[in-house]
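Here the structure comes first, spelled out in structure tokens, and everything after it is commentary.
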């Protein structure tokens with residue numbers, strides 16, 4: 001299992017701390033059950049951390065013309081028409097994926113194209129499944145323009161437990177399917193804004209897998225912005 005580079009330092013520090021904690025309990029406490037309890041708890045905590053920071057290598061390997069792939073692992077919490085004032089300045093279709101603590105927290109590029117906008121905003125710490133988290137929480141917004149002229153916006157949103165958002169894309173560069181878009185630490189959410197006329201291919205509460213599940217089909221021509 002490959003570990004994401006965002007988690008390397010944390011996992012090393014956590015492993016050392018828990019090892020010293022277990023050693024301390026072993027040397028100080030005469031009874032052995034507290035030591036074994038500390039070992040079990042440490043193994044469970046490290047297992048959760050390794051699961052969180054795992055970084056699976058995913059290659060879509062199929063034609064993606066006119067398709068939008070899931071950017072994150074999780075389940076669908078919203079499919080609705082909304083206003084997106086920051087970038088698109090109008091109504092679009094939003095598809096939102098909520099990531100729990102047990103999901104992979106890397107994000108992938110949902111469409112190939114040119115990166116035309118990248119902004120990070122500080123904000124509140126509402127639970128990521130709450131609708132207002134999309135506009136009020138700490139977040140990072142990326143716009144990608146496809147070769148067909150569709151403007152796609154991806155928004156990484158920090159949840160109540162998240163403390164850091166990393167976005168790897170830069171304005172002016174080209175991104176491709178299979179590229180990683182970024183990483184959010186702890187519970188979080190990803191909103192994808194699509195042109196009106198896009199056809200959702202997922203349902204509410206459906207589990208999705210980043211760079212694997214097809215979220216939607218884009219309209220034949222751009223209809224937003």
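The values are calculated or read from the model by the stated rules, or taken from the named source; none is laboratory data. Quick caveat: nothing in here was measured; it's all calculated off a predicted structure. Backbone-built Cβ (ideal geometry, glycine too); neighbour counts: all protein chains shown.
Taking only region 83-100 into account, find how many residues are modelled with pLDDT of 90 or more and not in a loop (DSSP other than H, G, I, E, B).
The number of residues fulfilling the criteria is 11.
Of all residues in region 59-82, how many are farther than 18 Å from residue 99 by Cα, part of a loop (DSSP other than H, G, I, E, B) and touching a strand residue (DSSP E or B) at 6+ places or on another chain (Cβ under 7 Å)?
2
Are any of the residues in region 101-120 at pLDDT below 80 and assigned by TED's automatic domain parsing to the domain that holds residue 88?
Looking for residues that are at pLDDT below 80 and assigned by TED's automatic domain parsing to the domain that holds residue 88, one finds at least one in region 101-120, hence yes.
Regarding residue 34, is this residue closer than 21 Å to residue 144 by Cα and over 21 Å from the mean Cα position of the chain (by Cα)?
no
Can you list residue pairs whose Cβ atoms sit under 7 Å apart, with the first residue in region 57-85 being free of Cβ contacts under 8 Å to residues at least 40 places away in the same chain and the second being buried (at least 17 other Cβ atoms within 10 Å of the Cβ)? Count only pairs 6 or more apart in sequence or on different chains.
Correct list of pairs: 80/94.
Find the residue count for region 69-112, including only residues that are on the phi > 0 side of the Ramachandran plot and buried (at least 21 other Cβ atoms within 10 Å of the Cβ).
1
Looking only at residues that are in a strand (DSSP E or B) and within 20 Å of residue 66 (Cβ to Cβ) in region 177-211, which one is modelled with the lowest pLDDT?
Of all residues in region 177-211, those in a strand (DSSP E or B) come to 180-185, 188-194, 199-200, 207-208.
Right, trim to within 20 Å of residue 66 (Cβ to Cβ) and you get 181, 192-194, 199-200, 208.
Values: 181: 92, 192: 96, 193: 97, 194: 96, 199: 96, 200: 96, 208: 96.
This residue is 181.
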